[in-house]
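Shown next, in structure tokens, is the structure this report addresses.
The values are calculated or read from the model by the stated rules, or taken from the named source; none is laboratory data. Predicted model only: the values in this text are computed from it and were never measured. With ideal geometry, Cβ positions are generated from the backbone for all residues, glycine too; neighbour counts draw on all protein chains shown.
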Amino acid sequence: MSEETPEVSAETSLHIDPYERNWMRLTVVLLVVFATAVTIAGFALGFQVPSPEERVDPRTVAIGDGPFADPGLREYPDGSYDLYIVSQMFSFSPNEVTVRAGSEVTFYVTSIDVQHGFKLQNTNVNMQIVPGQVSKLTVTFDEPGTYDYICTEYCGSAHAQMYGTLTVEK
Amino acid sequence: MEEIKSTEEEFHPKGTALVLAIFVLVLILLWGTVYLILLSRGMTTV
Amino acid sequence: MLTTPTYELTKSEKSFVSIHLLFAFVALAIGTLFGPLQAFEFSGVDFYPLLEPVIQSYYQGLTLHGVLNALIFTTFFITGFLTLTTIYGLKRPLKYPLLNQIGFWTMVVGLVMAAVPILLNQASVLYTFYPPLKANVFFYFGLTLVVVGSWIEGYGFIFTWREWRKENPGVRTPLMTFGGLITMVMWQLATLGVAVEILTMLIPWALGWIDGVDPQLARTYFWFTGHPLVYFWLLPAYVSWYAMLPKQAGGKLFSDSLARIAFWLFLLLSVPLGFHHQFVDPGVPAGWKYIHAVLTYSVFFPSMITAFTVIASLERAGRARGGKGWLGWIPKLPWNDPSVSAQLLAGILFFFGGIGGITNASYNINLVIHNTAWVSGHFHLTVASAVALSFMGISYWLVPYLRGKRLWSRKWAVIQTWLWFVGMLIFSNAMHVLGLLGAPRRTPLGEAPYIPEEWSGHLLRTSIGGAILMVSAYMFIYNIARTWWSKKLNAGPGELVEIPAAESVHPAQQTPAKLDWWTPWLIGTVALILVAYGPQLIEQIGNIDLSSPGVMP
């Protein structure tokens with residue numbers, strides 16, 4: 001053993017190199033800039049993530065008289081929509097939806113069996129679908145076209161087949 | 001491997017600074033790209 | 001000048017570490033097989049029908065890939081490696097070798113218990129086992145025992161360190177031991193989430209004692225553990241990068257103090273940020289997601305310190321070897337040492353892993369990439385590169401050291417590390433691009449009906465990258481196997497036989513004693529976890545709803 005003899009009173013110092021000190025400062029600045037950009041997008045520009053909406057019973061939510069018992073579009077006089085979607089192994093119900101361009105659509109998605117994912121391609125609608133919970137996001141469709149919504153969470157053997165299509169008409 | 005010569009006193013990690021400067025530029029570029037993709041795909045409000 | 005203190009592990013200590021590695025390498029060899037099978041499937045080449053009836057589905061294979069590679073290979077390698085860094089760092093035997101033996105064999109029993117249902121296709125729930133996808137109860141028992149075994153091994157390290165501390169008051173804990181202890185203490189705290197998930201919800205449910213589970217609460221429990229799990233894998237690689245790689249490169253550690261500060265920050269910050277995996281969950285308030293996003297940003301800081309300190313150590317070594325100019329030190333590093341090239345290339349890949357990581361953590365940016373192939377691409381740059389490639393590099397000296405054998409082929413080993421690097425660049429880049437285009441993760445895209453034409457080139461690139469990675473992985477396994485059972489005793493000239501313990505530029509004893517005090521950091525860690533998780537745990541547990549009966553896939 002050639003361990004140094006410990007000197008309890010040995011002079012100690014952090015020995016932080018000036019280059020490394022500056023690097024740590026730069027890191028902090030970088031993180032603050034990123035955080036600011038994300039915060040502005042989220043809380044000022046309206047690029048938000050889902051928040052708790054409603055608790056439901058996955059065994060009964062699709063039967064009875066709630067909106068998920070008759071999933072699909074609900075149109076409002078101002079031209080906006082609510083869209084209720086039920087996910088189950090291995091389909092979305094409904095799996096074809098058509099809305100008008102320029103309309104605002106609020107998605108309400110739940111699952112009656114296992115977890116699923118709901119990702120509407122080429123938009124920022126991307127939600128975890130959890131039994132017992134309702135996932136909700138609102139978007140406005142300006143561009144006519146077709147948008148697939150695909151299941152992005154493993155839900156069983158035919159997970160890869162699970163998708164639907166939303167059409168935005170002129 | 002033996003320490004070849006003692007360079008403690010004069011050593012400044014300027015190469016490290018350069019490598020990390022390149023890293024930061026790539027980081028800003030790639031992170032910024034995805035941030036712009038987010039902005040280009042439209043708002044999602046709750 | 002101080003000479004490296006030599007200390008030789010006893011024969012039984014060496015064989016104890018070796019048997020950890022043996023299990024790790026066998027898990028890697030089996031689990032790796034299913035990685036390329038997925039990558040080939042992306043191009044429409046499906047080998048799974050050939051594997052029937054042994055492997056009945058893509059998801060059975062994917063479960064094996066995740067469990068064996070990400071959970072078993074890592075845990076066995078880490079507990080083995082940290083046994084060595086405890087003994088060698090402290091220059092004393094384990095305080096209770098039997099305790100560590102018990103821990104190890106508990107992990108083995110757990111591994112077998114989890115493997116049987118997976119092989120019977122009764123636990124094809126992937127390594128995240130999100131309920132209400134249901135597995136055979138022995139899968140949950142098995143995972144529990146693997147974690148408990150790793151706890152016990154960690155207790156063994158802590159008892160050993162306490163004994164050493166009594167014998168060596170006032171001495172700084174050697175860095176390699178210090179990093180290992182932080183890893184294991186963080187792991188104890190972090191695994192409480194998954195322990196509660198499995199013990200209070202999944203096992204009673206799988207046994208039929210309760211009718212259903214609360215999948216949202218289960219996710220919160222899971223990700224309490226799920227992100228620090230990444231640091232459980234990564235910190236042992238950092239132990240090597242800080243406490244060994246500088247020596248292997250022919251230099252010293254640039255800053256012992258900052259290395260310790262980085263490890264403390266990982267203890268403090270690894271756990272209270274799990275909601276950044278749940279940014280798009282319906283049952284977590286956006287405000288809490290935002291708080292965890294900020295906390296996740298803060299854990300980027302110690303990794304940035306690590307980048308500087310490790311690279312500066314390498315630059316110093318490269319300059320001492322004659323490197324000139326801004327970057328001339330890089331080619332002077334001992335790239336012909338496979339252990340060094342593995343870790344350097346792992347570090348380069350980890351730059352990209354870090355960029356992806358900060359993107360994932362960025363709150364609403366997560367909407368772009370959540371549950372897409374981007375995530376698997378990111379994950380392969382972190383656990384399958386920074387961690388796995390570093391572990392391969394460590395193995396290139398560790399196996400010869402433990403077995404007293406010469407590495408079968410250094411040249412093969414160097415080529416292997418480069419193949420991993422190239423294969424991973426191709427694979428992970430393609431996966432990131434696919435994710436941005438909207439491709440879901442862990443999905444057999446070869447059979448999905450919604451694939452646009454523009455994805456096909458990237459899908460092909462994942463297959464090519466996967467093929468290169470497969471060749472590289474089995475070159476590693478073959479090299480290690482030939483070394484393990486080689487008849488060539490002792491390493492030859494120029495081969496590494498000693499444990500590469502790096503000294504630091506300023507001796508560790510000059511590092512402030514504060515940086516060796518556990519109590520304030522532990523209090524801070526627990527307090528931060530309570531602040532970051534307490535209110536939501538109270539809320540979600542208070543509203544628990546066990547209404548999801550579940551399905552066995």
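Quick rundown of the values:
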quantity: Some residue of segment C:308-328 being of a type in the set (A, V, I, L, M, F, W, C), within 8 Å of chain B (Cβ to nearest Cβ) and within 30 Å of C:THR519 (Cβ to Cβ); calculated: yes
quantity: Test: residue in segment C:153-167 that is touching a residue at least 12 places away in the same chain (Cβ under 8 Å), within 14 Å of another protein chain (Cβ to nearest Cβ) and over 24 Å from C:LEU381 (Cβ atoms); calculated: yes
quantity: Identity of the residue in segment A:25-40, surrounded by 17 or more Cβ atoms within 10 Å (Cβ to Cβ) and over 24 Å from the mean Cα position of the chain (by Cα), that ends up nearest to the other protein chains (Cβ to nearest Cβ); calculated: A:THR27
quantity: Selection within segment A:41-50 - aromatic (Phe, Trp, Tyr) and more than 7 Å from every other protein chain (Cβ to nearest Cβ); calculated: A:PHE43
quantity: Hey, C:PRO302 within 23 Å of the chain's Cα centre (by Cα), more than 9 Å from chain B (Cβ to nearest Cβ), in a loop (DSSP other than H, G, I, E, B) and modelled with pLDDT of 95 or more or not; calculated: no
quantity: Among residues of segment C:33-48, those that are away from every other protein chain (no Cβ under 14 Å) and part of a helix (DSSP H, G or I), counted; calculated: 7
quantity: Unmet requirement for A:VAL61, which otherwise passes all of (1) within 16 Å of A:VAL109 (Cβ to Cβ); (2) in a helix (DSSP H, G or I); calculated: (2)
quantity: Unique residue being touching a residue at least 24 places away in the same chain (Cβ under 8 Å), within 29 Å of C:LYS332 (Cβ to Cβ) and within 14 Å of chain B (Cβ to nearest Cβ) when the list is C:LEU234, C:LEU258; calculated: C:LEU258
quantity: Residue under evaluation A:SER87, criteria (1) modelled with pLDDT under 95; (2) within 14 Å of A:VAL134 (Cα to Cα); (3) small (Gly, Ala, Ser), criterion not met; calculated: (1)
quantity: Breaking point among (1) surrounded by fewer than 23 Cβ atoms within 10 Å (Cβ to Cβ); (2) within 10 Å of another protein chain (Cβ to nearest Cβ); (3) not acidic (Asp, Glu), for C:VAL414; calculated: (2)
quantity: Residue among C:PRO507, C:PRO449, C:PRO512 that alone is within 14 Å of chain A (Cβ to nearest Cβ), within 30 Å of C:GLY356 (Cα to Cα) and not hydroxyl-bearing (Ser, Thr, Tyr); calculated: C:PRO449
quantity: Residue check for C:VAL433: closer than 22 Å to C:ASN371 by Cβ, hydrophobic (A, V, I, L, M, F, W, C) and out of contact with any Phe, Trp or Tyr (no Cβ under 7 Å at 6 or more places or on another chain); calculated: yes
quantity: Unique residue being acidic (Asp, Glu), within 28 Å of C:ASP214 (Cβ to Cβ), away from chain B (no Cβ under 13 Å) and surrounded by 13 or more Cβ atoms within 10 Å (Cβ to Cβ) when the list is A:ASP65, A:ASP113; calculated: A:ASP113
quantity: Count of residues meeting criterion [modelled with pLDDT under 95 and surrounded by fewer than 15 Cβ atoms within 10 Å (Cβ to Cβ)] in segment B:15-46; calculated: 2
quantity: Those residues of segment C:418-461 which are free of Cβ contacts under 8 Å to residues at least 40 places away in the same chain, part of a helix (DSSP H, G or I) and hydrophobic (A, V, I, L, M, F, W, C), in sequence order; calculated: C:VAL433, C:LEU437, C:TRP455
quantity: Filtered residues of segment C:457-500 (kept if of a type outside the set (A, V, I, L, M, F, W, C), more than 21 Å from C:LEU84 (Cβ to Cβ) and either modelled with pLDDT of 85 or more or within 25 Å of the chain's Cα centre (by Cα) (or both)); calculated: C:GLY457, C:HIS458, C:ARG461, C:THR462, C:SER463, C:GLY465, C:GLY466, C:SER472, C:TYR474, C:TYR478, C:ARG482
quantity: Selected residue (only one of A:GLU53, A:GLU20 is in contact (Cβ under 8 Å) with a residue 60 or more places away in the chain, within 13 Å of chain B (Cβ to nearest Cβ) and among the charged types (D, E, K, R)); calculated: A:GLU53
quantity: Lone unmet requirement of (1) in contact with a helix residue (DSSP H, G or I) (Cβ under 7 Å, 6 or more places away or on another chain); (2) in a helix (DSSP H, G or I); (3) without any contact (Cβ under 8 Å) to a residue 40 or more places away in the chain for C:PRO520; calculated: (1)
quantity: Count of residues meeting criterion [among the charged types (D, E, K, R), touching a residue at least 60 places away in the same chain (Cβ under 8 Å) and farther than 30 Å from A:ARG59 by Cα] in segment A:72-104; calculated: 1
quantity: Check on C:LEU381, closer than 27 Å to A:CYS151 by Cα, more than 12 Å from every other protein chain (Cβ to nearest Cβ) and in a helix (DSSP H, G or I); calculated: yes
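For (1) within 14 Å of chain A (Cβ to nearest Cβ); (2) at pLDDT 95 or above; (3) part of a helix (DSSP H, G or I), each residue gets a yes or a no:
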| position | (1), (2), (3) |
| --- | --- |
| C:TYR7 | yes, no, no |
| C:SER15 | no, yes, yes |
| C:ILE19 | no, yes, yes |
| C:GLY31 | no, yes, yes |
| C:LEU62 | yes, yes, yes |
| C:THR75 | no, yes, yes |
| C:ILE78 | no, yes, yes |
| C:THR85 | no, yes, yes |
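Results for (1) within 21 Å of the chain's Cα centre (by Cα); (2) aliphatic (A, V, I, L, M); (3) surrounded by fewer than 19 Cβ atoms within 10 Å (Cβ to Cβ), shown as yes or no for each residue.
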residue: C:ILE102; (1), (2), (3): no, yes, yes
residue: C:LEU133; (1), (2), (3): no, yes, no
residue: C:ARG165; (1), (2), (3): no, no, yes
residue: C:MET184; (1), (2), (3): yes, yes, no
residue: C:VAL194; (1), (2), (3): yes, yes, no
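Quick grid of which residues meet (1) in contact with a Ser or Thr (Cβ under 6 Å, 6 or more places away or on another chain); (2) acidic (Asp, Glu); (3) surrounded by fewer than 24 Cβ atoms within 10 Å (Cβ to Cβ); (4) outside any helix (DSSP H, G or I):
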residue	(1), (2), (3), (4)
C:GLY347	no, no, yes, no
C:PHE351	no, no, yes, no
C:ASN366	no, no, no, no
C:LEU389	no, no, no, no
C:TYR396	yes, no, no, no
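Each row is one residue, and each column tells you yes or no for (1) within 18 Å of C:GLN216 (Cα to Cα); (2) more than 7 Å from chain C (Cβ to nearest Cβ).
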residue	(1), (2)
A:VAL130	yes, no
A:GLN133	yes, no
A:PHE141	no, yes
A:GLY145	no, yes
A:ASP148	no, no
A:SER157	no, no
A:ALA160	no, no
A:TYR163	no, no
A:GLU169	no, yes
